[in-house]
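Please treat every number below as a calculation from the coordinates, not as lab data. Here the structure is a predicted model, which is why all the values come from computation and not from measurement. Note that each Cβ is placed from the backbone with ideal geometry, even for glycine, and that neighbours are counted across all protein chains shown.
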């Protein structure tokens, strides 16, 4: 049985895709069978792992019943991925029939037992795609960056999580808040870290001990179609993600 983890925050630019790709590559390196699912119409997860997202079946094709789940799975050296592209941006309007909250759950049902972990990269919005991720997930990881704007909207996030728990998925657990672009020498970072602790309390969760430090390599890695873990394995972010993945394995296996 797979553990399904959604990486989520309605705020953009907080490191969701970087975290998702690092988890996929890192867990695969630990000899786990891993599937990444890109629910962001920007398609950055597939692109950052070297997939030509315009020339393959995507999660949108599966939702439209134009391809099977198996046909949409792309195999990479870092793990398997179901990519997305800009066509998925119509989801909110196009998938409006009853039961649309279960599109992803139904998509993954035939193949989820083939994997140890399924990592879902969600869009920077609390829309039907995000709800689909929550409905089928066991737990959530919430990336944030040490900026005040990164903390806004958490009440909306909590409301969405509570709604999904009430009506669709009572087992949904917020695993914790992951601080990205971390620089402990900055006063603002320390202030935001304290606020993140307060937010974690609201979500009945924790701020992870592992913090992901800043580095230019985080921006460079996707251009080379690589995870940060393989592009710059000795960089601070790669070391931090490796530590975090060890922790993740300890609490989910």
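Things worth noting here:
- Were the residues from residue 55 through residue 209 laid out at 0.36 nm apart, the gain over their Cα-Cα distance would be 51.4 nm.
- Springs join every pair of Cα atoms under 10 Å in this Gaussian network model of the chain, and among 28, 17, 90 the largest mean-square fluctuation is at 90.
- Extension gain, residue 98 to residue 252, is 52.2 nm, computed as 0.36 nm per intervening residue step minus the present C-alpha separation.
- Directionally averaged projected area (the chain, Cα convex hull): 12.3 nm².
- Helical content alone sets the calculated 222 nm signal of the chain at -12000 deg cm²/dmol, taking -39,500 (n - 2.57) per DSSP H segment of four or more residues and averaging over every residue.
- Nearest-0.05 FRET efficiency for residue 201 and residue 1, computed from C-beta distance (R0 35 Å): 0.70
- Binned Cα-Cα distances of segment 200-253, short to long, each 10 Å bin given as a whole percent: 24, 41, 28, 8
- Whole-Å semi-axes of the ellipsoid equivalent to segment 1-68 (Cα gyration tensor, √5λ, descending): 20, 16, 13
- Efficiency of FRET between residue 185 and residue 220 - r from beta-carbon atoms, R0 35 angstrom, step 0.05: 0.95
- The spread of Cα positions in segment 12-107, taken along each principal axis and listed from longest to shortest, comes to 40, 30, 25 Å.
- Mean shadow area of segment 106-253, taken as a quarter of the surface of its Cα convex hull (nm²): 9.8 nm²
- Pairwise label distance in nanometres, residue 113 with residue 31, each label 7 Å out on the Cα-Cβ vector: 2.4 nm
- In terms of packing, defined here as the mean over residues of other Cβ atoms within 10 angstrom, the peptides 121-130, 177-186, 41-50, 159-168 line up highest first as 41-50, 121-130, 177-186, 159-168.
- Once the Cα-Cα distance is subtracted from the 0.36 nm per residue extended length, the residue 162 to residue 148 segment shows a gain of 2.7 nm.
- Whole-Å semi-axes of the ellipsoid equivalent to segment 35-90 (Cα gyration tensor, √5λ, descending): 16, 13, 8
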